[in-house]
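Derivation of every value follows stated rules applied to the coordinates shown; laboratory data play no part. Treat the numbers as computed from the prediction; the structure is a model and nothing was measured. Here Cβ is always computed from backbone atoms with ideal geometry, including for glycine, and neighbour counts include all displayed protein chains.
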Amino acid sequence: MSLIDYKAARKRMVDGQIAIRGITSPDVLKAFLEVPRHHFVPKTQQVHAYQDSPLPIGLGQTISQPYIAAYMTDILQLTGDERVLEIGTGSGYQAAILGMLADEIHTIERHPFLADKAARLLQSLGYSNVRVHEGDGTQGLPEFAPFQAIMVTAAAPEVPTPLLDQLGDGGRLVMPVGGRGGQVLLLYRRDGDEFHREDMVPVAFVPLIGEHGWEGE
């Protein structure tokens with residue numbers, strides 16, 4: 001498949017999966033039009049890169065369905081000057097999207113292989129404002145806090161306390177919360193020492209493994 005075909009596939013993805021479902025932010029739509037999703041999946045999956053579904057990326061992890069990635073991005077309401085924390089780098093695709101929309105992105109991946117692969121790919125594609133960290137994402141990155149936005153791309157029984165602590169005043173955190181079989185996407189807004197929670201949509205994500213999440217297998 002040529003680059004022209006991939007560009008056309010991205011346009012179909014944005015028009016037929018994202019915009020049609022109510023995502024209207026021009027900046028978010030532009031990011032999904034421009035980030036080459038096919039580079040973030042295994043070569044055997046590239047033909048499926050722009051389909052309306054999650055895809056396996058190895059080690060039991062997935063790249064999210066394009067619409068869900070766009071929905072989670074959209075509700076963070078990024079304006080361009082934020083420091084953002086992402087938990088669960090995976091392939092690096094979501095970090096690249098965030099890198100198009102905010103000033104500084106820190107993303108954590110617990111699998112060394114995936115962290116290294118994502119870091120190399122993001123660097124090669126020119127996402128210089130994205131920094132990949134290897135470690136336990138449930139602990140966040142206190143040395144870089146506060147964050148104006150936090151996105152967690154794996155599910156836990158509840159939001160890890162360290163992540164709420166590291167959310168800046170006025171910031172937003174989006175995360176799937178529930179059991180291993182299914183969750184609800186939650187949006188938290190911080191107002192001083194208070195957190196306002198909003199239940200968004202039902203979702204199904206891989207488990208968040210770590211000290212403040214699920215125990216490892």
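Along the axis of the charge dipole computed for the chain (Cβ charges of +1 for Lys and Arg, -1 for Asp and Glu, origin at the Cα centre), the listed residues Val28, Ile18, Val203 are led at the positive end by Ile18.
Exposure proxy for Phe113, Phe205: other Cβ atoms within 10 Å of each Cβ, ordered fewest to most, give Phe113, Phe205.
When peptides 152-160, 176-184, 115-123 are sorted by average Cβ neighbour count within 10 Å, with the highest value leading, the order is 152-160, 115-123, 176-184. Karplus-derived 3J(HN,Hα) values for the range 69-85, using 6.51 cos²θ - 1.76 cosθ + 1.60 with θ = phi - 60°, are 4, 5, 5, 5, 5, 4, 6, 6, 6, 6, 10, x, 10, 7, 9, 10, 10 Hz; glycine and proline are entered as x. Partners of Lys11 within straight-line reach, counting aspartates and glutamates whose Cα lies under 16 Å from its Cα and excluding those fewer than 8 residues away in the same chain: Asp27, Glu34, Asp52. For the chain, DSSP calls about 45 percent of its internal beta bridges antiparallel.
Computed over the chain, the per-residue total of -39500 (n - 2.57) for DSSP H runs of n ≥ 4 gives a 222 nm mean residue ellipticity of -7500 deg cm²/dmol, rounded to 500.
Both radii are taken from the alpha-carbon atoms of the range 113-217; with Rh as the Kirkwood radius, Rg/Rh is 0.98.
When Rg and Dmax are taken over the Cα atoms of the range 1-75, they come to 11.9, 34 Å.
For the chain, a crude dipole built from +1 on the beta carbon of Lys and Arg and -1 on the beta carbon of Asp and Glu, taken about the Cα centre, is about 1040 debye to the nearest 20.
Peptides 29-40, 62-73 ordered by packing proxy, namely the average of other Cβ atoms within 10 Å per residue, highest first: 62-73, 29-40. For the chain, modelled as a GNM whose springs connect Cα atoms under 10 angstrom apart, the maximal fluctuation among Pro54, Pro162, Pro26 occurs at Pro26.
Taking the chain as a Gaussian network, where each spring joins two C-alpha atoms under 10 Å apart, which residue of Glu104, Glu143, Glu134 fluctuates the most? Result: Glu143 has the largest fluctuation of those listed. Separation of the range 134-161 and the range 72-132, taken as the distance between their Cα centroids, equals 13 angstrom.
Could you tally the net charge around Ser124, taking each other residue with its Cβ under 14 Å from the Cβ of Ser124, Lys/Arg +1 and Asp/Glu -1? Residues near Ser124 contribute +1 overall.
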